[in-house]
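Undergrad: Before I ask anything, here is the structure I am working with.
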Amino acid sequence: MDTVKSTLQAVQARIAAAAELAGRSAQEVALLAVSKSCSAEAVRALANAGQREFGESYVQEAVAKIAALADLPLIWHFIGPIQRNKTSQIAENFDWVHGVDRVIVAQRLSTARGAEQTPLNICLQVNVSGEVSKSGVAPEQLAGLVTELRSLPRLRLRGLMAIPQATEDVVVQRAQFARVRECFEQLNRQGAGLDTLSMGMSGDMEAAVAEGATIVRVGTALFGNRIKG
Ligand SMILES: *Cc1c(COP(=O)(O)O)cnc(C)c1O
């Protein structure tokens, strides 16, 4: 079997094993392949092995790749920091945006989303580790942001996204992801109707799946080490 396919299957097996341990179906967890800094050819190879959803962090690089791969039925997620002056390009080219944490950015995305396109799927970024430098809103600010998002016609609020503080301590990983899940559950008790928890990366996807992740964002384990980003 070729290495691209076996690498993909190894990651799928990690997700399936974590889901089974948690008493969940592996079908509940979507694999988002994070292809930032990877060539369009590398994405095409993974797509040929069966992967459909890809995540990108840098707008210019992503837009070129999306154009080069337009012949494939891929779903593109923007997962990087969102600069205000890039919101049009993001809204026009992507299917999902993770990491929305300001009303102004949401408004701009909604305005730029084409009337002929389906509404843009949105995950709000929540900061559960309280690091000043990290983006994402504090848990207390989520409900207000959810209300604001509701009034924006071209967006479809799907859930929460988080990038907790990196640690190899599985207990700490679990606690951080559990905090994100609690925010998600609380919003749903208030009627938010969310169905997506985007959390977990190459080093902590098992802990994220154990705490309810529905999308894991995996780069290194699929594509190897990046030069940048
Ligand atoms: C790069 C990146 C990932 C993937 O990280 P890996 O450790 O390479 O799996 C996931 N999420 C976000 C937001 C990223 O920027």
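Undergrad: Return the residues of the range 33-59 that are part of a helix (DSSP H, G or I) and either in contact (Cβ under 8 Å) with a residue 60 or more places away in the chain or within 16 Å of the ligand (Cβ to nearest atom) (or both); say none if nothing qualifies.
TA: Narrowing the range 33-59 to residues part of a helix (DSSP H, G or I): 40-48, 59.
Correct list: Ala42, Val43, Leu46, Val59.
Undergrad: Further question on the same structure: Can you tell me which of Arg174, Arg150, Arg113, Arg154 is over 14 Å from Ile79 (Cα atoms), out of contact with any helix residue (DSSP H, G or I) (no Cβ under 6 Å at 6 or more places or on another chain) and open to solvent by 10 Å² or more (accessible area, probe 1.4 Å)?
TA: Arg150
Undergrad: Going by the structure shown, is Glu182 part of a helix (DSSP H, G or I), on the phi < 0 side of the Ramachandran plot, within 15 Å of the ligand (Cβ to nearest atom) and open to solvent by 30 Å² or more (accessible area, probe 1.4 Å)? I'd like the intermediate steps shown before the answer.
TA: On the way: part of a helix (DSSP H, G or I): yes; on the phi < 0 side of the Ramachandran plot: yes; within 15 Å of the ligand (Cβ to nearest atom): no; open to solvent by 30 Å² or more (accessible area, probe 1.4 Å): yes.
Here the answer is no, as Glu182 does not meet what is asked.
Undergrad: While we're looking at this one, here's another question. Please work out which residue is farthest from Ala178 (Cα to Cα), limiting yourself to the range 206-222 and to residues that are within 8 Å of the ligand (Cβ to nearest atom) and not in a loop (DSSP other than H, G, I, E, B).
TA: Going through the range 206-222, the residues within 8 Å of the ligand (Cβ to nearest atom) turn out to be 217-222.
Filter again for not in a loop (DSSP other than H, G, I, E, B), leaving 217-218, 220-222.
Numbers: Arg217: 17, Val218: 19, Thr220: 24, Ala221: 23, Leu222: 25 Å.
This residue is Leu222.
Undergrad: What number of residues in the range 66-104 are more than 15 Å from the chain's Cα centre (by Cα), open to solvent by less than 10 Å² (accessible area, probe 1.4 Å) and within 15 Å of the ligand (Cβ to nearest atom)?
TA: Residues that pass the stated criteria total 0.
Undergrad: Of everything in the range 136-178, what is closer than 21 Å to Arg102 by Cβ, part of a helix (DSSP H, G or I) and at pLDDT 95 or above? Give them in sequence order. Working first, answer last.
TA: Narrowing the range 136-178 to residues closer than 21 Å to Arg102 by Cβ: 136-164.
Okay, now just the ones that are also part of a helix (DSSP H, G or I), so 139-150.
If the condition is that a residue be closer than 21 Å to Arg102 by Cβ, part of a helix (DSSP H, G or I) and at pLDDT 95 or above, then Pro139, Glu140, Gln141, Leu142, Ala143, Gly144, Leu145, Val146, Thr147, Glu148, Leu149 are the ones that fit.
The values are calculated or read from the model by the stated rules, or taken from the named source; none is laboratory data. Not measured: the values here are computed from a predicted model. Neighbour counts are summed over all protein chains in view; Cβ atoms, including those assigned to glycine, are modelled from backbone coordinates with ideal geometry. Accessible surface areas use protein heavy atoms only, side chains included; no ligands, DNA or RNA. Shrake-Rupley method; radii C 1.70, N 1.55, O 1.52, S 1.80 Å.
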